[in-house]
Amino acid sequence: MTDNPTSLPQNTPRRDYSRAAAWALLCSWTEGESLRKHALGVEACVAAYGLAEADRLGLTGPARDALLNLYATTALLHDFDYERHPSLDEHPFVGVSELERQGWPAELRTAILGHATYSGVPRVTHLDKVLFACDELSGFLTACALVKPTRSIHEVEPRNVRKKLKDKAFARGVNREDVYLGAQELGVDLEEHIAFCLAAMQLRAADLGLTGTPPA
Ligand SMILES: [Fe+2]
């Protein structure tokens, strides 16, 4: 069971930093379905990179669980303040202050600050780089799915995504430079990065509302 994050008195540290707690906090600050879905989309990609990283490090048991939890909660919370505080002056700074007050881990908070290029906080860790690399791309992959007649992410193909990235009129809100820079910082080939994130989102298609609707 999760306590109500908004009812915590000042300076009371949280005890629960689970995925469920992150989801509850996100939902308590975010009414919009699309922003919640965005968080889940980014989580799908970031969590997949977290799994790969845990494997690479040979982590097992509690250490593995801790890494996976950190990646998932960071992704879920990266925009949790955006609906209430969308301005560049406030997002993600207001949210990060709240996370600090609640005692969420420093690695999570630093990655969230770093995903905003204007924060001046450098992206140093694997998590910092993964979050930034998946944020805009995840939104773009969702846009690619939603223009399919079936609105299914299973219909999206990596080479089609590459083509659409070059089409400036498509999904104008997605910053292409951030997509390219994210892959570069993470040290992954853009094509592979797209395919990796696409596969991760396809596995979570039901949660993301992207399983597709049969044509009328
Ligand atoms: Fe985001």
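Each reported figure results from applying straightforward, stated rules to the coordinates on display, with no laboratory input. Being a predicted model, the structure only gives us computed values, none of them experimental. A quick note on method: Cβ atoms are made from the backbone with ideal geometry, for glycine too, and the neighbour counts reach across all protein chains shown.
Given the condition surrounded by fewer than 18 Cβ atoms within 10 Å (Cβ to Cβ), aliphatic (A, V, I, L, M) and closer than 22 Å to Val188 by Cα, answer yes or no: does some residue in the range 84-103 qualify? Scanning the range 84-103 turns up no residue that is surrounded by fewer than 18 Cβ atoms within 10 Å (Cβ to Cβ), aliphatic (A, V, I, L, M) and closer than 22 Å to Val188 by Cα.
Would you mind stating whether Asp207 is within 30 Å of Pro105 (Cα to Cα), out of contact with any Pro (no Cβ under 8 Å at 6 or more places or on another chain), surrounded by fewer than 18 Cβ atoms within 10 Å (Cβ to Cβ) and not hydroxyl-bearing (Ser, Thr, Tyr)? Please lay out each step first, then the result.
Working: within 30 Å of Pro105 (Cα to Cα): yes; out of contact with any Pro (no Cβ under 8 Å at 6 or more places or on another chain): yes; surrounded by fewer than 18 Cβ atoms within 10 Å (Cβ to Cβ): yes; not hydroxyl-bearing (Ser, Thr, Tyr): yes.
Taking the combined requirement at face value, the residue satisfies it.
Is it the case that Leu57 is within 16 Å of the ligand (Cβ to nearest atom) and more than 12 Å from the chain's Cα centre (by Cα)? No, not satisfied.
Is it the case that the range 121-137 has a residue that's farther than 30 Å from Phe93 by Cβ and among the small types (Gly, Ala, Ser)? No, that holds for no residue.
I'd like to know if the range 129-146 contains one or more residues that are of a type in the set (Phe, Trp, Tyr), touching a Gly at 6+ places or on another chain (Cβ under 7 Å) and surrounded by 14 or more Cβ atoms within 10 Å (Cβ to Cβ). Explain how you work it out, then say what you get.
Within the range 129-146, the first condition is being of a type in the set (Phe, Trp, Tyr), and the residues that meet it are 132, 140.
From what's left, touching a Gly at 6+ places or on another chain (Cβ under 7 Å): 132.
Then keep just the ones that are surrounded by 14 or more Cβ atoms within 10 Å (Cβ to Cβ); that gives 132.
Yes: one or more hits.
Being away from the ligand (no atom under 16 Å from the Cβ) and over 17 Å from the mean Cα position of the chain (by Cα) is a property that Pro105 lacks. Inside the range 21-46, residues that are away from the ligand (no atom under 12 Å from the Cβ), hydroxyl-bearing (Ser, Thr, Tyr) and within 12 Å of Asp79 (Cβ to Cβ) make up a count of 0. Kindly check whether there is at least one residue in the range 91-100 that is out of contact with any Phe, Trp or Tyr (no Cβ under 6 Å at 6 or more places or on another chain), touching a residue at least 24 places away in the same chain (Cβ under 8 Å) and within 14 Å of the ligand (Cβ to nearest atom). Yes: one or more hits.
Look at the range 30-52 and say how many of its residues are within 19 Å of Val130 (Cβ to Cβ) and β-branched (Val, Ile, Thr). Show your work before the answer.
So the first thing to find is which residues in the range 30-52 are within 19 Å of Val130 (Cβ to Cβ), and the list is 38-52.
Filter once more, keeping what is β-branched (Val, Ile, Thr): 42, 46.
Number satisfying all stated conditions: 2.
Looking at the range 157-193, which of its residues are part of a helix (DSSP H, G or I), touching a helix residue (DSSP H, G or I) at 6+ places or on another chain (Cβ under 7 Å), of a type in the set (A, V, I, L, M, F, W, C) and under 21 Å from Thr117 (Cα atoms)? Scanning the range 157-193 gives Leu165, Val179, Ala183, Leu186, Leu190.
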